[in-house]
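Reading through the structure tokens given below for one structure.
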Amino acid sequence: MKSVVLAGGFGTRLRPLTCNLPKPMVPMANRPMMGHIIDLLVKHNIKDVLTMLYFQPEEIQNHFQDGKKFGVKMKYLIPPADLGTAGCVKFAEEDLNDTFIIMSGDVLTDFNLTQAIAFHKEKEALATMVLTRVTNPLSYGVVIVNEEGKITRFLEKPSWGEVFSDTINTGIYILDAKVLEEIPSKQTFDFSKDLFPKLLEKKKALYGYIAEGFWKDVGDLREYRLAHRDILDRRVNINFSGKKKVFKNNDQESIVWIDDSAKIEEGVEFIGNSIIGKNAHIEQGCKIENSCIGENCVIGSASQISGSVLWKGSKTGRETMIREAVIGEKTYIGDLALIQVGSIIADECTIGREAKIRSNVKIWPHKSLEDGAILATSLIWGEKWSRNLFGPYAISGLGNIEITPEFAAKVGAAYGAYLGKNAYVITSRDTHKASRMIKRALISGLLSAGVRVGDIRTAPLPIVRYEMGKEGESGGVHIRQSPFDHRLLDIKILDKSGGDISFQQEKAIEQLFLREDFKRASIEESGELVTPQRSEEYYRAGFLKSIQKKVIEQAQFKVVIDYAFSSASTAFPAILGQLGIEVVALNAYHNPQKITKTEREFQHSLEQLSNIVTTLKADIGFLIDNGAEKVFIINENGKVVSDAQALVAVCALALKCYDSGSIAAPLHQSSVIEKLAAKSKLKVVRTPIMPRRIISASQSKGMKFVGDGIGGFIFPEFQCAFDAMYTIAKIMEMLGIQNTRIGNLIKEIPYDFEVLHKKIPCPWDKKGQAMRLAYEAAKDKNSELTEGVKIHFKDGWVLMTPDPDEAYFHLWAEADQPKKAKELLKEYSEKIARWID
């Protein structure tokens, strides 16, 4: 039988322990959690394992490799998106042609899988859920089975008022391959939320096997620590290294599993049960009680460790006291330090001499605490926060978890201190209520620094950018829900000209934020809050002044615009009305629940727009993103214009409509642009891929047009920023000048083009090495180093860049012939893999 192990979880509830590794790799009794699942499968003669990965897949692949070392044959699959539990199994359909078992890679259990499989076969079930009984079922799917074991009722994560059983779904399923027919392809679909209710409704053979034995969902930090106590007390039958030794202390017997390579000095006292890992060193006079000490740990003399878990490579000074805490990998606890109950200290932290960590404090990776410091609140900045407060797009983080009102007020105070008293700052937001909450908190911080604040309230970002500088503004702040992930909030800080602030400005604000020594205003000097009245008026006047109104009127366009519930719907219709365009508007109202679109929802919106353009025989269709910065196009035939096609098409228009100057596009976009420009007087400039650098290029002298290849277009004649509203008008103006439509224009481009792209897993600590070797490989070739390494060949090119936010390398390739492009992609994929190794 084959097993599918689901190992793609983010482990959010185990943060900060999972900042640097996926949840299945979190150590449990000094071995990865998933290692115990593999042991269980082998024990029941299930040795063909298909592992579904998603978050930080390289950590799991590097550890288990082909599985031979662990007694299994291991294969890995990485779905292209988060498809849900059932959706990712559907993705593996080609490998599943018989009965198989689903296991989670992040639970602790010793269930008898052989008996569960026998039950499934005996009942001739289509699907069997392995069940267990718990005292608190609120966090699980609650199940009722009849006398035959058939499931009659199922409810996922009920309230106490809805609880009808203490029998719960463990996330272990035995499935017939036919069940995959009930799962749709390439869309998010879960077992518990979607598939099982569907099978129940259709009265399919859905059974539940109530298993005997131990099972625990290690769902949060407390359960993680308590799970170790279950292991030490032998409530669960799992394997771990070390020889069993019995110590007697005042007629109390303690059992300790000690690895042969560990060193235990004289005078060490053991209380209860413990595990001591490989090469661990317990110095004299220590007291170890019900704890798990990882490999290569050093416990300083006379220290007391009680009910705690120490990951590998951690060290303590002398006379430290750690009570019911978890200490991450390679963390150092100084002499005489006190770590109190429930505290979690993540990887590679340094806790100073005589420091005190109060109960339930969490410290994210790579933090330092000074000697004698007392920490009573969590330090919640993980690795990326300790490197940079600002990401590639903005200050981004999980709403109300990382981006909290307290955090926003601190950012506002730091930004206000940077600008100085009496500075004037514009603030705005999207329509989401969380954005309003964070904006108000940030305004409080600005006011506390003596800054005057003009709050535009809800407004599209292009209007906010255009407002800057009109009334002496020193800067601006826009709060929005991330367009990429509904869980995230962005804080975008603008300079006095409306652009994103520079790297230098970011660093200055970041230093103030981290040092926390910024000045506050006195109570009499607190800032004033006002409401600007003319921002839309400024924007509309500048817009109509920049565009050729008569050209658009004469072209008599019929246009369909999907506003996607954005705030552009309040400002843009008035402008379109003055341009003489016949407009059919869709979703032209605010809906805070529709700010972020999944890929599936986005594609559905494009399909819907396409159908309407076709039905109405419109000349063009536009889909505006919620921030009114990006725009996506449907041609006059109702066909979706791809992002790459849109960039090349608008470049072609600009090359025909402007007599001189430059246009710009990122390095990874098609070289067809240069071929088209060869017949014009304009120059093509290649920019780095980062949005900030693309926007910066628009400020260059003589720049007429800049595009990013993902729906962003800039026309510096109006403003040096992405602006979907102006882009729509400008595209229609240029189409009117050329007396054509976008579909015809694309047909007239005499070149076929496609840029291939691949993401290659690359650990963070290998990125520098891979880049160095890429540079060396490019030395004797026609190359450029604007961003990453781009190598030009006679008939194509490749571009290699490390991802700024994830453990990946990006590789792009293009050639005159598709076959050559594929060969380049394959060749350099293999090279990057070798460079990483």
Along each principal axis, Cα extent of region 354-511, largest first, Å
54, 34, 25
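When you have a sec, figure out the Kirkwood radius of region 67-177 from all distinct Cα pair distances and drop it here in Å to one decimal?
Kirkwood radius, region 67-177: 15.8 Å.
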Amide H to amide H under 5 Å from Asn422: which residues, 5+ apart in sequence or cross-chain, H placed 1.01 Å off N in plane?
Val451, Arg452
Can you list, largest first and rounded to whole Å, the semi-axes you get for region 121-240 by taking the square root of 5 times each eigenvalue of its Cα gyration tensor?
27, 16, 16
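If you roll a 1.4 angstrom probe over the protein chains with everything in place, what fraction of the accessible area of the chain belongs to carbon and sulfur, to the nearest %?
The computed percentage sits at 46.
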Taking a cut-off of 21 Å between Cα atoms, list the lysines near Lys186, but don't count ones fewer than 8 places away on the same chain.
Lys75, Lys90, Lys178, Lys198, Lys597, Lys758, Lys759
Quick check: convex hull of the Cα atoms in region 1-140, volume per residue, rounded to a whole Å³?
131 Å³
Which percent, nearest 5, of DSSP beta bridges in the chain are antiparallel?
45 percent
Among the aspartates and glutamates, select those whose C-alpha is under 20 Å from the C-alpha of Lys617, and discard any that sit fewer than 8 residues away in the same chain.
Glu553, Asp562, Glu582, Glu607, Glu636, Glu733
Dividing the convex hull volume of the Cα atoms of the chain by its residue count, what figure in Å³ per residue is obtained?
189 Å³
First check a/c for region 406-499, with a ≥ b ≥ c the square roots of the eigenvalues of its C-alpha gyration tensor; if it is under 1.5, answer rounded, and if not, answer prolate when a/b is larger than b/c or oblate otherwise.
oblate
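Please give the net charge around Ala724, taking every other residue with its beta carbon less than 10 angstrom from that of Ala724, where Lys and Arg add +1 and Asp and Glu add -1. Don't skip to the answer; put the middle values down first.
Working: positive: Lys630; negative: Asp625, Glu629, Asp723.
Result for the neighbourhood of Ala724: -2.
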HN-Hα J in Hz across region 399-412 - Karplus 6.51, -1.76, 1.60, θ = phi - 60°, x for Gly and Pro
x, 6, 10, 9, 8, 9, x, 5, 5, 4, 4, 5, 4, x
About the Cα centre of the chain, how large is the charge dipole given +1 on each Lys and Arg Cβ and -1 on each Asp and Glu Cβ? Please answer in debye to the nearest 20.
1040 debye
Could you tally the net charge around Val685, taking each other residue with its Cβ under 15 Å from the Cβ of Val685, Lys/Arg +1 and Asp/Glu -1?
+3
Counting Lys and Arg as +1 and Asp and Glu as -1, what is the net charge of the other residues whose Cβ lies under 13 Å from the Cβ of Lys656?
0
Lys410: which lysines have alpha carbons under 17 Å from its alpha carbon, excluding same-chain residues fewer than 8 sequence positions away?
Lys421, Lys439, Lys492, Lys507, Lys519
If the viscosity is 1.567 mPa s and the temperature 4 °C, what translational diffusion coefficient in µm²/s does Stokes-Einstein give for region 487-564 when Rh comes from Kirkwood over Cα pairs?
72 µm²/s
Which one of Asn250, Gln187, Gly208 is farthest out on the positive end of the charge dipole of region 117-268, using unit charges on Cβ (Lys, Arg +1; Asp, Glu -1) and the Cα centre as origin?
Gln187
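Distances over 15 Å make up what percent of all Cα-Cα pairs in region 656-723?
Numbers: 1047 of 2278 pairs.
Within region 656-723, distances greater than 15 Å cover 46 percent of Cα pairs.
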Normalised by the residues of region 559-641, what does the relative contact order come to in percent, with Cα pairs under 8 Å and at least six apart?
37 percent
Accessible surface of Cys88 in the full protein assembly, 1.4 angstrom probe, to the nearest 10 Å²?
20 Å²
Along region 335-345, what does the Karplus equation 6.51 cos²θ - 1.76 cosθ + 1.60 (θ = phi - 60°) give for ³J(HN,Hα), rounded to whole Hz, x for Gly and Pro?
3, 6, 6, 10, 10, 8, 4, x, 6, 10, 10
Total charge dipole magnitude, region 471-575, about the Cα centre, Cβ charges on Lys, Arg, Asp, Glu only, Debye to nearest 20
540 debye
Exceeding 20 Å between C-alpha atoms, which entries from my cross-link table qualify? They are Lys496/Lys704; Lys701/Lys794; Lys549/Lys679; Lys2/Lys43; Lys630/Lys747.
Lys496/Lys704; Lys701/Lys794; Lys549/Lys679; Lys630/Lys747
Determine Rg/Rh for region 226-290; Rg is computed over alpha-carbon atoms and Rh is the Kirkwood hydrodynamic estimate from the same atoms.
0.95
Long-range amide H contacts for Gly11: which residues qualify at under 5 Å (H placed 1.01 Å from N, peptide plane, sequence gap of 5 or more or a different chain)?
Lys23
Take the alpha carbon atoms of region 552-606, find their center, do the same for region 462-487, and report the distance between the two centers in whole angstrom.
20 Å
The chain: relative contact order as a whole-number percent, Cα under 8 Å and 6+ apart
6 percent
Computed over region 181-271, Cα set: Rg, Dmax in Å
22.5, 67
Using a ≥ b ≥ c from the Cα gyration tensor of region 260-349 (square roots of the eigenvalues), is it rounded, prolate or oblate, where a/c under 1.5 gives rounded and otherwise the larger of a/b and b/c decides, a/b for prolate?
rounded
Accessible surface of Leu785 in the full protein assembly, 1.4 angstrom probe, to the nearest 10 Å²?
100 Å²
Interchain or sequence-distant (5+) residues whose placed amide H lies within less than 5 Å of the amide H of Leu667 are Thr687, Ile689
Send over the semi-axes of region 436-547's equivalent ellipsoid, whole angstrom and largest first, taken as the square roots of 5 times the C-alpha gyration tensor eigenvalues.
25, 18, 15
Per residue of region 745-751, what does 6.51 cos²θ - 1.76 cosθ + 1.60 with θ = phi - 60° give for ³J(HN,Hα)? Whole Hz please, x for Gly and Pro, Karplus curve as stated.
4, 5, 4, 7, 5, x, 10
Compute, for Met25, the solvent-accessible surface of its heavy atoms (probe 1.4 Å) with the complete set of protein chains present, and express it in square angstrom to the nearest 10.
20 Å²
Please calculate how many Å² of accessible area the chain carries per residue, with a 1.4 Å probe and no DNA, RNA or ligand atoms counted.
43 Å²
Is region 592-663 best put as rounded, prolate or oblate by its Cα gyration tensor, with a ≥ b ≥ c the root eigenvalues, rounded for a/c under 1.5, and otherwise prolate when a/b is larger than b/c, oblate when not?
oblate
Which of the GluC sites (Glu not before Pro) across region 182-260 are loop residues per DSSP, with 15 or fewer other Cβ within 10 Å?
Glu212
Helix-only estimate, please: 222 nm mean residue ellipticity of the chain, summing -39500 (n - 2.57) across DSSP H runs of length 4 or more and dividing by its residues, to the nearest 500.
-8500 deg cm²/dmol
Could you sort Asp723, Asp335 by accessible area so the largest value comes first, with the probe set to 1.4 Å?
Asp335, Asp723
Low-density loop cleavage sites - chymotrypsin sites (Phe, Trp or Tyr not before Pro) in region 483-574, where at most 15 other Cβ are within 10 Å (DSSP)
Phe484
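The values are calculated or read from the model by the stated rules, or taken from the named source; none is laboratory data. Being a predicted model, the structure only gives us computed values, none of them experimental. Quick reminder, even Gly has a Cβ in these numbers, built from the backbone with ideal geometry, and neighbours come from all protein chains shown. When the accessible area is computed, the model is the full protein with side chains, heavy atoms only, and any ligands, DNA or RNA have been set aside. Shrake-Rupley method; radii C 1.70, N 1.55, O 1.52, S 1.80 Å.
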